[in-house]
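Comments concern the structure below.
Where a number appears in this text, it was derived from the coordinates with a stated rule and is not lab data. Not measured: the values here are computed from a predicted model. Here the Cβ positions follow ideal geometry from the backbone for every residue, glycine too, while neighbour counts run over all protein chains shown.
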Amino acid sequence: MKITSRLIVAAVIAGSLAMSGCAYNSSSADVYTASQAQREQTVRMGTVESVRAVKISSNNGQPSGLGAIGGGALGAVAGSSIGGGKGSIVTGIIGGIAGAVAGNAVENGVAMRDGLEITVRLDNGDYRAITQTATGEVFNAGDRVRLLSSGGVTRVTH
């Protein structure tokens, strides 16, 4: 039984690590995909009207389920090691449920990034609001900025 538990834990950890690097979608003004590089962009000038801190969910609020599955498996294995007989079954079930809830919460927390919603008044008088990942570049009301647009993606930079 102990070998099976160890194999389950090892498989869950290996699967989680393998999947964690599968996708990284950045909404940062500093990150370009290969298909965006060396493409002409439209540049518009404007003035920052306001900046608001926001959270950006890289999983669109829809967890993949890996956190819940991994947490549930680890919780079930840990819970089943407590007690004996029917007691270990009950603690395994409770541990599995608690682990699934915790794993889902961890997955959602990891998917959140700090972002900025930047409202810009363009030189022609139009307003645009762009949301992008916070990168340390500071934007304040009154700053002159550039809006770089190409293929439906717009970035705000100084």
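Worth a mention:
- Efficiency of FRET from Cβ geometry, SER149 and SER50, R₀ 22 Å, rounded to 0.05: 0.65
- In this calculation the C-beta distance from THR135 to SER57 is compared with R0 = 25 Å, giving a FRET efficiency of 0.90.
- Using the Cβ-Cβ distance between VAL31 and ASP123 with R0 = 25 Å, the FRET efficiency computed as 1/(1 + (r/R0)^6) comes to roughly 0.40.
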